[in-house]
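Chemist: The structure follows.
The values are calculated or read from the model by the stated rules, or taken from the named source; none is laboratory data. Quick caveat: nothing in here was measured; it's all calculated off a predicted structure. Cβ atoms come from the backbone with ideal geometry, glycine included; neighbour counts cover every protein chain shown. Keep in mind that these areas ignore ligands, DNA and RNA; they rest on the heavy atoms of the full protein, side chains included. Shrake-Rupley method; radii C 1.70, N 1.55, O 1.52, S 1.80 Å.
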Amino acid sequence: MDLSKINNNFKSLIQSSKYSVEYDVTAALIKEGLKEVDYIEICNRLNRPPNRTELGMFGVMWSEHCCYRNSKPLLMNFPTEGQHILVGPGENAGVVDLGDGQRLAFKIESHNHPSAIEPFQGAATGVGGILRDIFTMGARPIAILNSLRFGPLEQPKNVSLLEGVVAGIAHYGNCVGVPTIGGEVSFDKSYSGNPLVNAMALGLMETKQIVCSGAKGVGFPVIYVGSTTGRDGMGGASFASAELTKSSIDDRPAVQVGDPFLEKGLIEGCLESFQTGDVIAAQDMGAAGLTCSCSEMAAKGGVGIELNLDLVPAREKNMTAYDFLLSESQERMLFVVNPGSEAKIMNCFTKWGLQAAVVGKVLQENNVRVTHKNQVVVDLPANALAEDTPINKHELIKNIPSETLSHWKWKESNLPLPTTEGIYSPKYNEVINWNFIVLKLLDDPTIASKRWIYSQYDYQVQNNTIIPPGIADAGVIRLRDVSGKTDSNRAIAAVVDCPNRWVNLDPERGAIASVAEAARNLCCVGAKPLAVTDNLNFASPEDPEGYWQLAMACNGLTKACKYLETPVTGGNVSLYNQTILANGNKQPIQPTPVIGMVGLISDIDKTISQGWNSVDDEIWLLGFPIDKTDSFLENISLGGTSYLQNIFDLQTGRPPLIDLEYEKNIHDFLQLSISNDLINSAHDVSDGGIVIALAESCIASGLGLESKLSRSDVRLDKIFFGESGSRVLISISSNKVQKLLSELKEFNLHKSSLLSATFIGNVSNNQSFRIISSDESILIDLSLEEMTKTYEDSIPRRMYHNSKNNDI
């Protein structure tokens, strides 16, 4: 809020007795990210003006980061119930029933703005925060994933951001002892000023009862455990709900500083204390710190909480009530416990070198009351802070934005016609052959190997990782029993996905694709998709087009999650992801609704990966065939593809609408075929189309490919690089092909949308990638060595070149 925007009526209003205070209201509102209307609403609710500390509490609790004031109405439509759902949205994490007495907690959250200005600590504390959401429920963390977005690595600042973020994730995850088993990373210029760092965590429940956050028991003691409270992270929630500007670097104090070794002790202390049955409620102190934990616990329990700040362990001198309540110092928790159990509970933490102190009690009235230096410094209705929060109403534009419509009008006929030799590219001002294009796509950092990133993560700690990063379409972690004494033959598969380029061109279709691809990836390793956690990363909702993108994406998520039977258990909304440039223009990110999804594998011995298994195996395509023109033209597009961007410098067109019935059939048949030992490998066709998917399977296995195209009237580049949903490459032992085709025929008897299987070629041991036309013309002929080198060197080469040239 700019001081110049404070209108004269408001200035005169706050001078009246009802609203007047000793501090500068207009300056305070700017600092806390509140508006004039918020101040009037607060005064009316309290029937008095708030003191300066109380205003700060409202600032963080009424921020988008904490109360979803711009997005809550859209989230209400998500499907949140299902066969496996034990805990849905509203708690620290969702919980699903895995059967056999096992329950899984999982959640995804963002730490975008902190990572933009302090990449190492921003990313590290993002990991720490999501882990606390998991073990606060009574679950031991068993895996971490991350979804990252950066600007082009040709720009030194993006290299620095990537280095810092990856180092932060690695530092915290490795030190705390939780494996990072998967993730996704994409690059686009829209993220240059505003990278995205989304962290997802999974945990296996260790307590009989799920530990929730609603306080109970009037007079019951409130205990603070964990690290000390300092001035780090002040106002982090408000900072996360604002646009990034050139002066955002001044907000570095709003970025928290984490200690993974303290967090490890906190995990053990929490899980041990929860086992006693004496912890009634628990809440971690993440965004908004003590303010959020006490007000949410009180509001959810329908009670009040009294805190004495003089009893809170502090690491700095002369801290004010404002400092204590708005600090976001890490590795801290707040408990409500049974009377008489205080010493026993606190001992669970002090033996790990952590702080533990009784700092308050539960009140009957629904208020948050805070004392400091024998004075009541805060007395606020808990519901006003945490439950009955404002909703910003936005008018959804009725017409599709003109820029989006112009993209949808783009036609493939605008491109030059391809030949068997290649295609003319205005970008290169010459005809480029198919070999060059394949290598160019493999060199795209969004497609290329992420080994430089995941090799910094410890993905084998805990000794349960079945499929590590880079091997398959999803990470897979073994499910051990709670005692750890016996192994299980079951596993959890997890994935994060978002085709942000598609979402940018069509938010609804792109969001549907995000859910569909996540579920498809799980099925490719043999898992049954269970449930979703989402992270909605968008620009400002105050911009009509920005709100339209958010609303359309939510519609797409709702449709896909309902049809694919993957309810939403919770998640995170991160808005105002845009940068105000030096010239005053705003650069919004591409809308990025990241889907985190988990699936259950009943038999880990049948888990498969994306690499070919054996020489002479047959390669088949499940999904829309490339030799039947009508279905291919309808469901596969060059619009919004990696090919279009890399070869023609275009991000345009309209992505295809995924047929959810057909998509669900793909999932079901994959699971059936894998469980029947018919498939040796599976890899979904996504970025770069079928040729890049084939290349990735060759690189993953070190085996080659021999393929002959059937005769088709479809343009060659669309066959090679067109993108869609509902397509999966599989490899099969030749003696099992007929059995698979028979099962497919039987499967189709009960379906209105019939699946197709198209023969593509054979796995070879000649270390080459060879595709010929129906008339024997060589279309693509590359050595596996050259492809692998291009694929593996893409990110390291850019990191080294730009770091070296700029002394980073």
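Chemist: Within the stretch 690-706, can you find the residues that are part of a helix (DSSP H, G or I) and of a type outside the set (Asp, Glu)? If you could, list the steps in order and put the result at the bottom.
Modeler: Going through the stretch 690-706, the residues part of a helix (DSSP H, G or I) turn out to be 690-701.
Of everything in the stretch 690-706, those that are part of a helix (DSSP H, G or I) and of a type outside the set (Asp, Glu) turn out to be Ile690, Val691, Ile692, Ala693, Leu694, Ala695, Ser697, Cys698, Ile699, Ala700, Ser701.
Chemist: In the stretch 329-355, how many residues are under 14 Å from Gln275 (Cβ atoms), polar (S, T, N, Q) and either open to solvent by less than 10 Å² (accessible area, probe 1.4 Å) or in a loop (DSSP other than H, G, I, E, B) (or both)?
Modeler: 2
Chemist: Can you report the number of residues in the stretch 37-63 which are open to solvent by 40 Å² or more (accessible area, probe 1.4 Å) and either without any contact (Cβ under 8 Å) to a residue 40 or more places away in the chain or in a helix (DSSP H, G or I) (or both)? Even if it seems obvious, please write down each step before you answer.
Modeler: Of the residues in the stretch 37-63, the ones open to solvent by 40 Å² or more (accessible area, probe 1.4 Å) are 37, 41, 44-45, 47-48, 51-52.
With the extra rule that they be either without any contact (Cβ under 8 Å) to a residue 40 or more places away in the chain or in a helix (DSSP H, G or I) (or both), the set shrinks to 37, 41, 44-45, 47-48, 52.
Here the count works out to 7.
Chemist: Can you pull out the residues in the stretch 639-671 that are under 23 Å from the mean Cα position of the chain (by Cα) and acidic (Asp, Glu)?
Modeler: The answer is Glu663, and nothing else.
Chemist: Report yes if Glu545 is under 23 Å from Ile658 (Cβ atoms) and either crowded, with 24+ Cβ neighbours inside 10 Å or modelled with pLDDT of 95 or more (or both), otherwise no. Spell out how you get there, then give the answer.
Modeler: Values: under 23 Å from Ile658 (Cβ atoms): no; either crowded, with 24+ Cβ neighbours inside 10 Å or modelled with pLDDT of 95 or more (or both): yes.
Judged against the criteria, Glu545 is not a match.
Chemist: Hey, another quick one. Part of a helix (DSSP H, G or I), open to solvent by 20 Å² or more (accessible area, probe 1.4 Å) and farther than 25 Å from Ala494 by Cα - does that describe any residue in the stretch 674-686? Write out each step before concluding.
Modeler: Step one: list which residues in the stretch 674-686 are part of a helix (DSSP H, G or I), which gives 674-675.
Okay, now just the ones that are also open to solvent by 20 Å² or more (accessible area, probe 1.4 Å), so 675.
Within this subset, residues satisfying the condition of being farther than 25 Å from Ala494 by Cα are none.
No: zero hits.
Chemist: Pull up the stretch 691-716, narrow it to residues that are under 26 Å from Pro468 (Cβ atoms) and open to solvent by 10 Å² or more (accessible area, probe 1.4 Å), then point me to the one that is farthest from the chain's Cα centre (by Cα).
Modeler: The selected residue is Leu703.
Chemist: Say whether the condition of being of a type in the set (Lys, Arg), part of a loop (DSSP other than H, G, I, E, B), surrounded by fewer than 24 Cβ atoms within 10 Å (Cβ to Cβ) and at pLDDT below 95 is met by at least one residue in the stretch 70-82. Step through it out loud before you land on a result.
Modeler: Of the stretch 70-82, the ones of a type in the set (Lys, Arg) are 72.
Next cut, part of a loop (DSSP other than H, G, I, E, B) only: none.
Checked against the condition, which is being of a type in the set (Lys, Arg), part of a loop (DSSP other than H, G, I, E, B), surrounded by fewer than 24 Cβ atoms within 10 Å (Cβ to Cβ) and at pLDDT below 95, the stretch 70-82 yields no hits at all.
Chemist: Can you report the number of residues in the stretch 784-808 which are open to solvent by 50 Å² or more (accessible area, probe 1.4 Å) and modelled with pLDDT of 90 or more? It would help to see each step written out before you state the result.
Modeler: If we filter the stretch 784-808 for residues that are open to solvent by 50 Å² or more (accessible area, probe 1.4 Å), which is where we start, we get 785-786, 789, 793, 797, 800-801, 804-808.
Next, from what is left, pick out any that are modelled with pLDDT of 90 or more: 785-786, 789, 793, 797.
The qualifying residues number 5.
Chemist: Okay, moving on. Has the stretch 484-494 got at least one residue that is in contact with a helix residue (DSSP H, G or I) (Cβ under 9 Å, 6 or more places away or on another chain), surrounded by 19 or more Cβ atoms within 10 Å (Cβ to Cβ) and within 19 Å of Ser697 (Cα to Cα)? Let's see the steps before the verdict.
Modeler: Narrowing the stretch 484-494 to residues in contact with a helix residue (DSSP H, G or I) (Cβ under 9 Å, 6 or more places away or on another chain): 488-491, 493-494.
Keeping just the survivors that are surrounded by 19 or more Cβ atoms within 10 Å (Cβ to Cβ) gives 491, 493-494.
Those left that are additionally within 19 Å of Ser697 (Cα to Cα): none.
No: the stretch 484-494 contains no residue that is in contact with a helix residue (DSSP H, G or I) (Cβ under 9 Å, 6 or more places away or on another chain), surrounded by 19 or more Cβ atoms within 10 Å (Cβ to Cβ) and within 19 Å of Ser697 (Cα to Cα).
Chemist: Determine whether Lys361 is more than 23 Å from Leu131 (Cα to Cα), open to solvent by 50 Å² or more (accessible area, probe 1.4 Å) and either out of contact with any Pro (no Cβ under 8 Å at 6 or more places or on another chain) or in a helix (DSSP H, G or I) (or both). Before you say what the answer is, go through the steps one by one.
Modeler: Details: more than 23 Å from Leu131 (Cα to Cα): yes; open to solvent by 50 Å² or more (accessible area, probe 1.4 Å): yes; either out of contact with any Pro (no Cβ under 8 Å at 6 or more places or on another chain) or in a helix (DSSP H, G or I) (or both): no.
No.
Chemist: Going by what's in this entry, would Asn537 be described as open to solvent by 10 Å² or more (accessible area, probe 1.4 Å) and under 26 Å from Ser642 (Cα atoms)? I'd like the intermediate steps shown before the answer.
Modeler: Numbers: open to solvent by 10 Å² or more (accessible area, probe 1.4 Å): no; under 26 Å from Ser642 (Cα atoms): yes.
Spelling it out, it is not the case that Asn537 is open to solvent by 10 Å² or more (accessible area, probe 1.4 Å) and under 26 Å from Ser642 (Cα atoms).
Chemist: What pairs can you find where one residue is in the stretch 703-722 and more than 24 Å from Asn766 (Cα to Cα), the other is open to solvent by 10 Å² or more (accessible area, probe 1.4 Å) and part of a loop (DSSP other than H, G, I, E, B), and their Cβ atoms are less than 6 Å apart, with a gap of 6+ or different chains?
Modeler: Between residues of the stretch 703-722 that are more than 24 Å from Asn766 (Cα to Cα) and residues that are open to solvent by 10 Å² or more (accessible area, probe 1.4 Å) and part of a loop (DSSP other than H, G, I, E, B), the close pairs are Arg711/Ser774; Ser712/Asp627; Arg715/Pro418; Leu716/Pro418; Asp717/Pro418; Ile719/Ile626.
Chemist: Also, I was wondering about something else. Name the one entry in Gly164, Gly182, Gly128 that is open to solvent by 10 Å² or more (accessible area, probe 1.4 Å) and in a helix (DSSP H, G or I).
Modeler: Working: Gly182 fails: in a helix (DSSP H, G or I); Gly128 fails: open to solvent by 10 Å² or more (accessible area, probe 1.4 Å).
Unique residue meeting the criteria: Gly164.
Chemist: Looking at the stretch 522-537, can you tell me whether even one residue there is farther than 15 Å from Asn555 by Cβ, in contact with a Leu (Cβ under 7 Å, 6 or more places away or on another chain) and assigned to a loop (DSSP other than H, G, I, E, B)?
Modeler: Yes, that holds for at least one residue.
Chemist: Name the one entry in Asp677, Asp687 that is at pLDDT 95 or above, in contact with a helix residue (DSSP H, G or I) (Cβ under 7 Å, 6 or more places away or on another chain), among the acidic types (Asp, Glu) and within 17 Å of Tyr791 (Cα to Cα). Give the steps one after another, and end with the answer.
Modeler: Working: Asp677 fails: within 17 Å of Tyr791 (Cα to Cα).
Testing whether each residue is at pLDDT 95 or above, in contact with a helix residue (DSSP H, G or I) (Cβ under 7 Å, 6 or more places away or on another chain), among the acidic types (Asp, Glu) and within 17 Å of Tyr791 (Cα to Cα) leaves just Asp687.
Chemist: Same structure again: Regarding the stretch 773-784, can at least one residue be identified that is part of a helix (DSSP H, G or I) and closer than 20 Å to Ile471 by Cα?
Modeler: Let us first name the residues in the stretch 773-784 that are part of a helix (DSSP H, G or I), namely 784.
The next check asks that each one be closer than 20 Å to Ile471 by Cα; those that pass are 784.
Yes, the stretch 773-784 contains a residue that is part of a helix (DSSP H, G or I) and closer than 20 Å to Ile471 by Cα.
Chemist: Between residues in the stretch 69-82 that are farther than 11 Å from Thr569 by Cα and residues that are of a type in the set (Lys, Arg) and open to solvent by less than 40 Å² (accessible area, probe 1.4 Å), which pairs lie under 7 Å by C-beta distance while being six or more apart or on different chains?
Modeler: The qualifying pairs do not exist here.
Chemist: With a cut-off of at least 2 residues that are under 18 Å from Gln671 (Cα atoms) and either touching a helix residue (DSSP H, G or I) at 6+ places or on another chain (Cβ under 8 Å) or of a type in the set (A, V, I, L, M, F, W, C) (or both), name the strands (runs of 3 or more DSSP E) lying wholly within the stretch 559-657. Even if it seems obvious, please write down each step before you answer.
Modeler: Working: elements: 568-574, 578-580, 586-588, 592-601, 618-623.
In the stretch 559-657, 592-601, 618-623 are the strands (runs of 3 or more DSSP E) which contain 2 or more residues that are under 18 Å from Gln671 (Cα atoms) and either touching a helix residue (DSSP H, G or I) at 6+ places or on another chain (Cβ under 8 Å) or of a type in the set (A, V, I, L, M, F, W, C) (or both).
Chemist: Check Ser768, Ser753 and return the single one that is under 27 Å from Met787 (Cα atoms), open to solvent by less than 50 Å² (accessible area, probe 1.4 Å) and not β-branched (Val, Ile, Thr). Spell out the reasoning first.
Modeler: Details: Ser753 fails: under 27 Å from Met787 (Cα atoms).
Of the residues listed, the single one that is under 27 Å from Met787 (Cα atoms), open to solvent by less than 50 Å² (accessible area, probe 1.4 Å) and not β-branched (Val, Ile, Thr) is Ser768.
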